[in-house]
Structures are given as C-alpha cells and as structure tokens.
1. Out of everything in the stretch B:160-217 that is within 20 Å of residue B:82 (Cβ to Cβ), surrounded by fewer than 16 Cβ atoms within 10 Å (Cβ to Cβ) and among the charged types (D, E, K, R), what residue ends up being modelled with the highest pLDDT?
2. With the requirement that a residue be buried (at least 18 other Cβ atoms within 10 Å of the Cβ) and either farther than 25 Å from residue A:96 by Cβ or charged (D, E, K, R) (or both), what does the stretch A:128-142 give you?
3. Residue B:38 passes all but one of (1) closer than 28 Å to residue A:120 by Cα; (2) under 22 Å from the mean Cα position of the chain (by Cα); (3) in a strand (DSSP E or B); which number fails?
4. For the stretch B:67-85, how many residues meet the condition of being assigned to a loop (DSSP other than H, G, I, E, B) and closer than 23 Å to residue B:133 by Cβ?
5. How many residues are within 13 Å of another protein chain (Cβ to nearest Cβ) and either among the aromatic types (Phe, Trp, Tyr) or under 14 Å from the mean Cα position of the chain (by Cα) (or both) if we restrict to the stretch B:62-85?
6. All but one of (1) more than 14 Å from chain A (Cβ to nearest Cβ); (2) buried (at least 17 other Cβ atoms within 10 Å of the Cβ); (3) under 14 Å from residue B:22 (Cα atoms) hold for residue B:117, so report the exception by its number.
7. Kindly indicate whether residue B:59 is within 14 Å of chain A (Cβ to nearest Cβ) and touching a residue at least 60 places away in the same chain (Cβ under 8 Å).
8. Filter the stretch A:180-234 for residues that are hydroxyl-bearing (Ser, Thr, Tyr), over 20 Å from residue A:26 (Cβ atoms) and more than 10 Å from DNA strand C (Cβ to nearest atom) and give the result.
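The values are calculated or read from the model by the stated rules, or taken from the named source; none is laboratory data. None of these values were measured; they are calculated from a predicted model. Reconstructed Cβ throughout: ideal geometry from the backbone, glycine too, with neighbour counts over all protein chains shown.
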Protein chains: 2
Amino acid sequence: MHEPPHPENPNGKGFLPGLAMDAVIFGFHQNQLKILLLEYHNTGLFALPGGFIKDDENLNEAADRMVTERTGLKEVYLEQFYVFGNRDRHHKDTLRTILKGNGLTVTDDHWLLRRFVSVGYYALIDFTKAVPIPDAFSDSCDWYDLGSLPPLILDHRHIVAKALETLQTHLDRKLIGFNLLPETFTMGELQNLYETILGHKLHRTGFQRKMLSLGVLERIAKKWTGGAHKAPYLYRFSAGS
Amino acid sequence: MHEPPHPENPNGKGFLPGLAMDAVIFGFHQNQLKILLLEYHNTGLFALPGGFIKDDENLNEAADRMVTERTGLKEVYLEQFYVFGNRDRHHKDTLRTILKGNGLTVTDDHWLLRRFVSVGYYALIDFTKAVPIPDAFSDSCDWYDLGSLPPLILDHRHIVAKALETLQTHLDRKLIGFNLLPETFTMGELQNLYETILGHKLHRTGFQRKMLSLGVLERIAKKWTGGAHKAPYLYRFSAGS
DNA sequence: TTCTTATTGTCTCATTTTGTAACAATAATA
DNA sequence: TATTATTGTTACAAAATGAGACAATAAGAA
C-alpha cells in the first residue's frame, strides 16, 4: 500500500509516524473513467497507490512525489480532499498479509501494523502520457475502470467514492476537466468526459454553448477522423488571463 | 493550543503522535461573524481551540469532543475541511513560550515541540447557546469578530482563511446557514447572515424568493419588535423529507 | 459520380431562473 | 391622524437553460 524506501525499515525512521497518504489517480480513456491500482506481490490484494511523509517534507510535496513515482508525470493537477481517520480503518491482518507476501515476517509492534490516519488526494492526469510504475511491494500498477474495480483493501473503496464525489462537485466550479484530456480534443470528447464523471447525459447544444461561453477554449482545426460525417473541430485549453 | 488530559504528560502517551486538530468555531451575533479564540496563560498569545486524537478515538469523534469541551454544545454541525501539513508550520519557540507560560520547562525532545500535522475542522453553532470554556492552558475562551482578529500563533490565520473560504462555497450548496441562527429568525436576519458570510450585498426580494423556494422554511408568526414599520414573520428551519 | 448516413455547428424558440423595481401593508412614532 | 421605515407581494425585463430544427459535410454505398 505504501512505499518506505527500505521495506524492512524497522521502525519507520525518517517518516511522520501514524500518517499515510492515499491517491486516487484519475485517467480517462475510451469513454471510461479509470484509476490506478496496485496489486501486491503474492497476495491478490488491490490497493490505491499510497505513501508516507518524510520528516523534512511538506504534506503536498509528499503527494506530488507519490504521484510522480507512480506515473512518471510532474506538475500534475492534485488536490487533497479528505482525511480518513476512523479507528477501525486499519486491519493488522491485511497489513501482515501484504508484508508476508513480500517475504517479511514482523512482530506485533511493527510500525506498519499500528494505527494509521490517511490523507486522501486525487489527481487528474492525461491517460496518454502516464507510464504506471509499481512500487516495491507490488507486481503491477494498472488502470481499472471505475465501474468495475476489483475488491480493495481496508477502506480504499470508501476513499474512491469520496474522491469521485469531490471531483463531481469540483467539476463545474473550476476548470479542471481538461486535465484528463490530451492537448487537443473535440467537443464530443469533452462532453463524454463530463457525462462520464457526472454520471448522466447532457444536452449537446447546451453543453457546447456553455463551454464556449467560458472563453477558455481555442478552436484550432478540423479533425479528419474516419467517420462518415462532418468533421468536428479540435480545441485546445487556453489558460486565459 | 491543545489539550492533553495531563499537561505534564511527558511523552504524549494515549494520543496519536504528530497529529493535532484545530477548530474554527463560527458564531453569528449582531450582524457579525465571530470565532472562538483561546488566550494562553501569561503569554498574550491567541490561538484556535485545538486538541489531540486519542488512541481509541475516531478522528471525527475527537473533533466532536473538542468542540463540546469549548462550547458545552453537543451534536454540533462540524466538518473537516483541510489538513495543514507544511513542514514550517510548527515553531518550537512558540510552543515553548506557551509551555513556559504554564510553568513548564521542557527539553528539546518534548513531544509537543516535535512537528505536528493538523486537521482543520469548522463548526457552525448557535451563538446564544454556547458557553465558551477555556482549556487547561488558557485564561480565556472568547468570541472575536472575524474582521478584527488579534494576531494568531503559527499558521492559525491561514487556517481561519481557509475555513471561511470553505464555508462560503458550502453555503449555497447545502443548507447549513441555519446552524448559525437561533431556533426562529426573520428573513432579514437570514439575509444578513448570508451577506456577512459571502461578503457582499444580496437583493432582498430575490433572496426571499430563493429561500422560500427551497421548501425548508416554516413560517410561524409575526415578530413584534419595536420598529416603526411592518412586523416581519418569524421562520423556523424544518428539516424536510 | 451520386446518394445515403451519421455527426457536427448554428440557429431558433419556449421555458425557467434571475435581476430589479414598484407598490401596498403595517407597526411604532410624531 | 399623518409620517416613516421596513416588510411581503406582485410585476416585468434580462439572462440562462432546455429542447429541437436544419443545413453542412466526410466517408461509405450504390
């Protein structure tokens, strides 16, 4: 679930005690909203990418580092959204299984078995640019459709739900959707993104009118896809004044 | 700033290490938005009410407890809004001054001098019902106008700003403003509350129309204040279906 | 080549929401 | 009894939104 630099680090030295971070990293591909999940060695357990905070690191810096380590991307759109601090969110057995899967047998007072409070972050990235990279505990780091996630450890399902909720409410207050698309996109692709995130259909002409009225879309050129119909324009997000 | 059960608790036993909470407790009185501040013994330093999380306590339970301890109120509207985790937010000198003001001289490795990450909560309470109670470190726990706060320790000014920002964005998405008013209120009082929080004037008739259209206001009776004008209705918030 | 088809961009109109003002009602005071 | 300040209601213009019509057009079919 998390990534200490040395998995056998015996007492968590160099990290803030009892505090972790979990990231819901969103991508968008083929009209599907996806997130990155890790699968731990020899366990069949899936989890959100996570990490710990170094002694000399700001919280948000640690989150940046974590997302960069899993995606290869820098300067990603990243936001803190909630802290998960219920007493029962941590299960010793789960953690012990994960450590055992990595060949580590630990005593009952190992720092990773103690109670953790976790800060949730969500990131929006360009699916086409990310290169998912597993951490030291994991076999894989891959994209999964939000609609068909495998069972997740601990309260990670709840964290995902809360992240999606936050994304939905943020979507129409800020201009963040563009972070999930490549450099250029059509109006239809943008609308698909919004519909997928919000979970319901939008009216085509109204959507186009609204987006264009924001004054942040730059029309570039026609896109010549192999469709039997009029070619749509391509747009680029222009950061405005 | 915080409240261990025994101030001389030498190593923070019984609490989650490195994690604190700070509460921005809002009240509304005489058309002013106010918050509760503590003044520490013999220091002239002001701070937000805060606390620590017990080993066996959920994060939100700890926040409830903290607000109840400072106000005497239970079942308060309370929401987590951000985690403050910059490395430089904690100043040893400030903490040492506070401890010294309480007659405690501590060594450099005292647990209260170590780095803390703090979870910010904001609460909305009925000013007329709260009975502010200082904690063990404080001379006073009192209301201060948001517009004229004394200098605050550490990053507490920043925490207040972020809380207000959150309150503003939440105000028109949820029906939370009522938590700041007494049982019954006039439409004018409700409008004053909104104007004060949002920081700008609203149109009277439009505001009334909008509030009534929500279907959560129950009209009770006329209010016979000593004003040379028509008497306004009193309303009560009715929680709806 | 010409016709068909699917999708796009634009335009129009009805509906709803919002901004703004006008006006009558009324409780205290002069 | 008249005045005054504020409230509740109604009215109307302006803006935003919902929903459809229609021409434009790129690719494939005939």
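1. B:165
2. Passing the criteria: A:130, A:135.
3. Here residue B:38 clears every test but (1).
4. As a first pass, look at the stretch B:67-85 and keep what is assigned to a loop (DSSP other than H, G, I, E, B): B:72-76, B:85.
Next, only the ones that are closer than 23 Å to residue B:133 by Cβ stay: B:72-76.
Residues that pass the stated criteria total 5.
5. Filtering the stretch B:62-85 down to residues within 13 Å of another protein chain (Cβ to nearest Cβ) leaves B:62-64, B:79-85.
Subsequent filtering for residues that are either among the aromatic types (Phe, Trp, Tyr) or under 14 Å from the mean Cα position of the chain (by Cα) (or both) retains B:63-64, B:79-82, B:84.
Within the stretch B:62-85, residues that are within 13 Å of another protein chain (Cβ to nearest Cβ) and either among the aromatic types (Phe, Trp, Tyr) or under 14 Å from the mean Cα position of the chain (by Cα) (or both) number 7.
6. Failed condition: (1).
7. Details: within 14 Å of chain A (Cβ to nearest Cβ): yes; touching a residue at least 60 places away in the same chain (Cβ under 8 Å): yes.
Yes; evaluated as a whole, the condition is true for this residue.
8. A:213
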